[in-house]
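For reference, the structure discussed in these notes is given below.
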Amino acid sequence: MAYTPSGPSGDRCVGLHRLALVNVCQHQDGVVEDMINRICSEKSPEECPSFVRLETRSVVPKGREGSNVSTTSYLAISDDNVELDNLIAAAQEARLEEGGGSLSVLGRSPFNTERLSIEELRQVVRRQDIRGIAAWCNLLVAAGMAAVGLATDSSATVVASMLISPLMSPIIQLSFSLVDWSLWKERSFMTNAFRDFFFAVLGCVSVGLALGPAFLWARMDESWHWPTQEMDSRTHVYRTLVPGTIISIVSGIGVANGLRNRGINALVGVAISASLLPPLVNSGIYMAWGLLRSGSEAEVVQARFRKGCVSFMLTMINVLGVIVSSAIWFRIRGVGTTAEKKGASAPLLAA
């Protein structure tokens, strides 16, 4: 996408990542340098955006024939969206009494919001928590939907439950805090993230344990010939755990990259691909089924409990894969680097 500046130059500037087109109108030499120094007076050289000179034109203002004004176009480049915002705010207010210079921002890249700086990403991660009644209601509703889908062999219902599940949020917080030096120092942040994850897991298993007896009372195990395909597919060691591990590793990279690009849908997509919530509910249903429908057959009880444990371990291994792979990807993208620890504005690497 291109901008058509409204300033005297009339040039077109192709929008690029973290760029702003700046026009400087000056009546005498030195105005450009003075204005840039004014904007960057309180910034270190690393923090101040750099300026690339495009061209200089002499124009005659309307109604002021015989008076030439020199207009210079610059490209302001910054590695941090926040610093570029500060530049734009300062540029729009900058006026010099001596020299008659003015500086205006004519356009800004439409792509500068696609990739988050590390500080912006850190704030996004901070907001990814399970807090409030609404979030916990979503979790319980999702677990209930998954239980019905598993019991009735409805894959559509199982997928729908993962669309509203907030289970991925504390996982991302744990992953990011492993590599981010700022959040690593906040032990309370990691503690809260782990606490949210623990209670979310406990809630999902509890829903399976609670609804399992209700399903058995309604004879759903006989009507749908338990275990259904949806239940059984999550209880095989080699057929489930090995592919699930690979999927979780790839999914972790996907969600980390999605957050960088403001891709909130990545959280939902990874929750579906990694299949985090249904195996937890499935383990609760299997345990209830083993206790209430096995009578005195110890081998049947053990077999169903074993399958419930395998289903539970599927989620734990998937969670571990997501945490490790996304943490590695966050580090590759610049989170927790030496430059950031020194206070520099360390942007995420462009794709």
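Taken together, the values in this text are just the output of simple stated rules run on the coordinates, not laboratory data. Just so you know, these numbers come straight off a predicted model, no measurement behind them. When we count neighbours, we look across all protein chains shown, and the Cβ atoms used for this are built from the backbone with ideal geometry, even at glycine.
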(message) What FRET efficiency comes out for Thr191 versus Arg306 if R0 is 35 angstrom and r is the Cβ-Cβ distance? Round to the nearest 0.05.
(response) 0.60
(request) Report the far tail of the P(r) of the stretch 118-341, meaning the percent of Cα-Cα pairs longer than 22 Å. (result) 50 percent
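Roughly how many debye, to the nearest 20, is the charge dipole of the stretch 118-341 about its Cα centre, given +1 on each Lys and Arg Cβ, -1 on each Asp and Glu Cβ, and no other charges?
Numbers: 19 positive and 14 negative charges, 121 e Å.
It works out to roughly 580 debye.
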(request) Would you mind ranking Trp184, Trp224, Trp217 by Cβ crowding within 10 Å, fewest neighbours first? (result) Trp217, Trp184, Trp224
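Which of His236, His225 has the fewest other C-beta atoms within 10 Å, and how do the rest follow up to the most? Mind dumping the intermediate values first?
Values: His236 14, His225 10.
Listing His236, His225 from fewest to most nearby Cβ atoms yields His225, His236.
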(request) Could you point to the residue in Val310, Val141, Ser326 farthest towards the positive end of the stretch 118-341's charge dipole, with +1 and -1 charges on the Cβ of Lys/Arg and Asp/Glu respectively? (result) Ser326
(request) Give, as ranges by residue number, the residues of the stretch 178-214 whose backbone N falls under 16 Å from the point 7 Å along Cα→Cβ of Leu291. (result) 202-214
